Amino acid sequence: MTSTDTRFRVGLLGHGTVGAAFAALLPQRADAVAGVTGLRPEIGGVLTRSQGDFDAILADSDLIVELIGGIEPARDYVLRAMRAGKHVVTANKQLLSQHGEELWACAREHGVQLRFEAAVAGVVPVIRVLQESLAAAHVERIHGIVNGTTNFILSEMARTGATYADALAEAQRLGYAEADPSEDVNGKDAAAKMAILARLAFDTPVHLDQVVYEGIEQIAPDDIEYARDLGLGLKLIGTAERVDGGLSVRVHPAFLYPGHPLASVNGPFNAVTVESDAITEITMSGPGAGGPQTASAVLGDVVSAMIPPASTPPTSGALEIVADVVSAFYLHLEVPDNPGVLARIAGVLGDHGISVKSVVQKGLGDNARLVMVVHAVLESRFFTALDELSGLGVLRTAPRAIRVIEEQFA
Ligand SMILES: NC(=O)c1ccc[n+]([C@@H]2O[C@H](COP(=O)([O-])OP(=O)(O)OC[C@H]3O[C@@H](n4cnc5c(N)ncnc54)[C@H](OP(=O)(O)O)[C@@H]3O)[C@@H](O)[C@H]2O)c1
């Protein structure tokens, strides 16, 4: 018997989109993996709601792959596997963003690996880069397009002028959006992924509840069109950054100038930009979801776990989570085309220390549409000014404000 005949049993929990793709991929790649690791991986047992027994699969496995999703019973199975001394690979962002500390502590206590590359940005190897390649970098900021559904919808709205509802229907038709897309479009899915990235990049516990998020449901096609006149493109952006000695983690629609590395990421793709003084910036991009793509990232983790060792270090302390940050804004106002109105608006903005970077004015009969980008200002101050503008009694419709990321690297 050669060393490559030594079997490595993988217990598979979940046989849905990703689980079934993983079960198909593993035998195809078993020879190649055996060549690298000296061990031949094979599926030891499969658990779904209607087949398999967890205890029997656990007893017969060298490693557990969890592809059930959600919190329970996934959490219980992952903990029990690690307590039994088995490495675990998971793609479960919900679980890690809400119970990560408990799971990582358990992995450390039992000397096993908990790997989760596929939980964030699908096949894009951002977890590995943060945990290994950039382990010594002092990360300042991460920006991510970490939800392919919303990136597809916004790309489609920009490309065709479609409404949000039509672009969502197209995403569902093409399989980029699920029948119930709520957690994608309201930003919660991206928030879970940003919580995980922030935990790794800033070495501080971050729970999903601490991530402020906003979705894309309210985006109107004309905002995308007007902003294009100002050279801006719209994305749903996750941000994690150091702010005043603390940490801000948030997800919201944001305009980008063309020089930003994320500006050109279109369709269902994901991308993450990591910024640090030492490295300037690194951007990684690729498919963010899909059964075969995600299964490939899961198998990569299985192979890594077969070659020892990697562990999630304990946190080095807790950074304060900062809610109020500085941001530039795009602002869309519809006002009567009367003398003095513009001066009153400028007066309110000026009173709050908000200065206008660029402005486009369009006549609409008796109305005028003012579309502007204002320079970076503390968000609470901007929203106070917005309330005051609404109170002037001159706005024909509610003001529409979307954040603008001003950085450009090109
Ligand atoms: N789909 C993607 O493109 C993608 C991308 C990145 C990450 N992920 C993550 O990968 C994981 C799996 O996603 P998926 O899309 O493959 O999900 P899915 O298609 O819904 O499949 C879930 C699987 O888990 C099984 N399951 C559900 N509840 C169970 C229970 N109580 N006990 C045992 N088995 C149970 C289901 O069994 P039945 O067959 O009996 O229903 C099914 O086989 C999730 O954490 C997801 O967030 C998915």
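For the reader, a short list of remarks on this structure follows.
- Selected from Leu47, Leu299, Leu95 as most flexible by GNM, with the chain as the system and alpha-carbon contacts under 10 Å: Leu47
- Dipole axis of region 259-410 (+1 Lys, Arg; -1 Asp, Glu on Cβ), positive-most option in Ile345, Val377, Phe329: Ile345
- On the beta carbon distance between Ser264 and Arg173, with R0 = 35 Å, the FRET formula returns roughly 0.90.
- Principal axis box of region 279-410, alpha-carbon based, largest edge first, Å: 72, 37, 28
- Listed by Cβ neighbour count within 10 Å, with the fewest neighbours leading, Val374, Val341, Val298 appear as Val341, Val374, Val298.
- Kirkwood-type radius of the chain, with distances r between different C-alpha atoms, in Å: 22.8
- Compactness of region 24-79 as Cα Rg over 2.2 N^0.38 Å, two decimals: 1.28
- Cα-centred dipole magnitude for region 215-342, charges only on beta-carbon of K, R (+1) and D, E (-1), debye, nearest 20: 500
- Listed residues Pro268, Pro73, Pro27, most fluctuating in the chain (Gaussian network, C-alpha, under 10 Å): Pro73
- Dimensionless Rg ratio for region 3-119, taking C-alpha atoms and the 2.2 N^0.38 Å reference: 1.01
- Taking Cβ atoms as reference points and 14 Å as the exclusive limit, the residues near Phe152 contribute a net charge of -3, counting Lys and Arg as +1 and Asp and Glu as -1.
- Extending 7 Å from Cα along the Cβ direction at Glu217 and again at Asp53 yields two label points whose distance is 4.5 nm.
- DSSP bridge pairs, the chain: antiparallel proportion in percent, nearest 5: 70
- Across the options Gly391, His252, Tyr77, the greatest Cα extent toward the positive end of the charge dipole of the chain (unit charges at beta carbon of Lys, Arg, Asp, Glu) belongs to Tyr77.
- Panel order for Phe269, Phe255, Phe383, by other beta carbons found within 10 Å of each beta carbon, from fewest to most: Phe383, Phe269, Phe255.
- Within-13-Å neighbourhood charge of Asp277 [Cβ basis; K, R +1; D, E -1]: -1
- Panel order for Glu281, Glu320, by other beta carbons found within 10 Å of each beta carbon, from fewest to most: Glu320, Glu281.
- Helix-only [θ]222 nm of the chain, DSSP H runs n ≥ 4, -39500 (n - 2.57) each, per residue, nearest 500: -11000 deg cm²/dmol
- Listed residue pairs exceeding 18 Å between alpha carbons, taken from Lys188/Lys235; Lys235/Lys357; Lys93/Lys188; Lys235/Lys362: Lys235/Lys357; Lys235/Lys362
- Length available on full extension from Arg344 to Phe383: 0.36 nm per residue minus the Cα-Cα distance, which gives 12.4 nm.
- Ordering Leu197, Leu58, Ala167 by Cα displacement along the dipole of the chain toward the positive end leaves Leu58 in first place; charges were set at the Cβ atoms of Lys, Arg (+1) and Asp, Glu (-1).
- The tail of the calculated P(r) for region 148-305, taken as Cα-Cα distances beyond 21 Å, holds 50 percent of the pairs.
- Ranked by how many other beta carbons lie within 10 Å on average, peptides 190-201, 325-336 from highest: 190-201, 325-336
- Modelled spin-label separation between Asp60 and Leu25, with each label point placed 7 Å from Cα along the Cα-to-Cβ direction: 2.4 nm.
- Cα Rg, Dmax, region 145-223, angstrom units: 14.0, 42
- The chain: relative contact order as a whole-number percent, Cα under 8 Å and 6+ apart: 17
Only the coordinates and a few stated rules stand behind these numbers; no lab work does. Here the structure is a predicted model, which means the values were calculated and not measured. Cβ: placed from backbone, ideal geometry, glycine included. Neighbour counts: every protein chain shown.
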